[in-house]
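Note sheet for the following structure.
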Amino acid sequence: MRMRSLTGILFALLLVLQICFGLDALKIGDPIKYSVKIPIADSLLVIEPTGLPVRVLPLDPLHKPDGNVFEFSAAVYDTGTLDIPALAILLFKKGEVTDTIWTEPREVIVGSTLADSASAPRPLKPYEEHPLRVADIVREFWPWAVGALALAALVFVWHRYRSRPKTGEVVAAPSPLPPAELAIRDLIALRDKKYPERGMLKEQYSEFSEILRRYVEGRWEFPALEMTTYELASELKRNDLPASLREDLLPVLSESDLVKFAKQIPTLASANAIVELGFKIVEQTRPRLEAIKEGQAT
C-alpha cells in the first residue's frame, strides 16, 4: 500500500510540473511531433542526438522538401524528465549539404507503461511500421539465391558431362562436296561478285583459274593447282581426259596468265563470258549418275 501511494504521489507531481511548466507528458514509445519550415531541397536527413534514448521515427521515403512545413516524429525509450536538444536537419542538393535547419529544444516527462501496482504490465505501443527496403529483402533471401545459383551450376556441369563425346567415339566429319558441286557453287559466287563491272579484271581471271584448276584436281586427282599452265597443257593431252579441257579450258587459263602477269586488259564481255564457260565445262565433264551407280555396284 505504501509503494502504491508513493507511485501515485510521483505521478501527480509529474502532472503538476506539466501544467506549471508546459512539459510534454508521454509514455515510452509515444511519438513527439516536430514541425519546421524548410526551403526547397532534393532530400533531407534528421540527425538523432547522441547519448540520449531518442530515436527519429522513419520518414516518408517519397517525401521531397518543397519549401513548406516539414513534419516528423521522434520517440523516447526511457522514463523520467528528459531535455531533448535542438535536432539538426540537413538539406541536400545534388548529393551535397546546402543548409542546416534546427528544431526547438524540448523537455518531456516520460512515464512507465506499467500499471501503478507494477503487477500487470501494459503492452508497449506498436512501433511505427518501417518501409520495405531492398537491404532487408537481400538479408532475408540471400541464402536461397546462393542455393539456386549452386543448383544451376550443378545442372550445367551435369549436362556438359552427359553431352561430352564418349571415350573412343569419333565424331564424323561432314562429307566434302563433290568437285563438280563445289565448282558450281564457287562459280555462282564469282558471278555474284561482279568483278568486271567494278573494274577488277585481274581478280576475275585469278579466281576463275583457281576454281577450274581445283575442279580438275579433285575430279581427276592430279595437282592441277600446283602446275603451271604449260605443265597442265602437257597433262591434259592424256587420252582419258575430255577434249573440252584442252579445247575450251586451256585457252582461258593462258589468257588468265596474260591478264595476271602481262597486264593484258580483256574486254568486259570476255571477262563476263568466262564464268558461263566454266559452267559449261563442269557440266560437260562431271560424272554422270549412271556411271556413279555402276561404280557403286562394282
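The values are calculated or read from the model by the stated rules, or taken from the named source; none is laboratory data. Please read all numbers here as calculations on a predicted model, not as lab measurements. Counting neighbours? That spans all protein chains shown, and the Cβs are built from the backbone with ideal geometry, glycine included.
Restricting to the stretch 232-265, count the residues that are in contact (Cβ under 8 Å) with a residue 24 or more places away in the chain and not hydroxyl-bearing (Ser, Thr, Tyr). Before the answer, list the steps.
Pass one, the stretch 232-265, residues in contact (Cβ under 8 Å) with a residue 24 or more places away in the chain: 242, 244-245, 248-249, 252-257, 259-260, 265.
Add one more test, that the residue is not hydroxyl-bearing (Ser, Thr, Tyr), and what stays is 242, 245, 248-249, 252-253, 255, 257, 259-260, 265.
Qualifying residue count for the region: 11.
Give Arg213, Arg139, Arg219 a once-over and let me know the one that is at pLDDT 85 or above, part of a helix (DSSP H, G or I) and over 30 Å from Ile265 (Cβ atoms). First the steps, then the outcome.
On the way: Arg213 fails: over 30 Å from Ile265 (Cβ atoms); Arg139 fails: at pLDDT 85 or above.
Selected residue: Arg219, the only one of Arg213, Arg139, Arg219 that is at pLDDT 85 or above, part of a helix (DSSP H, G or I) and over 30 Å from Ile265 (Cβ atoms).
Please determine, by comparing only the residues of the stretch 260-284 that are modelled with pLDDT under 90 and assigned to a helix (DSSP H, G or I), which one is surrounded by the fewest Cβ atoms within 10 Å (Cβ to Cβ).
Phe261
Among the residues that make up the stretch 100-115, is at least one of them assigned by TED's automatic domain parsing to the domain that holds Tyr34, at pLDDT 85 or above and within 15 Å of Ala41 (Cα to Cα)?
Yes; the residues of the stretch 100-115 include at least one that is assigned by TED's automatic domain parsing to the domain that holds Tyr34, at pLDDT 85 or above and within 15 Å of Ala41 (Cα to Cα).
Only residues that are touching a residue at least 60 places away in the same chain (Cβ under 8 Å) and surrounded by 13 or more Cβ atoms within 10 Å (Cβ to Cβ): list them for the stretch 36-75, please.
Within the stretch 36-75, Val36, Ile38, Pro39, Leu57, Pro58 qualify.
Answer with yes or no whether Lys33 is modelled with pLDDT of 80 or more and either under 25 Å from Lys94 (Cα atoms) or within 48 Å of the chain's Cα centre (by Cα) (or both). Can you show your working first?
Values: modelled with pLDDT of 80 or more: yes; either under 25 Å from Lys94 (Cα atoms) or within 48 Å of the chain's Cα centre (by Cα) (or both): yes.
Spelling it out, Lys33 is indeed modelled with pLDDT of 80 or more and either under 25 Å from Lys94 (Cα atoms) or within 48 Å of the chain's Cα centre (by Cα) (or both).
All but one of (1) modelled with pLDDT of 95 or more; (2) over 52 Å from the mean Cα position of the chain (by Cα) hold for Ile188, so report the exception by its number.
With respect to (1) modelled with pLDDT of 95 or more; (2) over 52 Å from the mean Cα position of the chain (by Cα), Ile188 is out only on (2).
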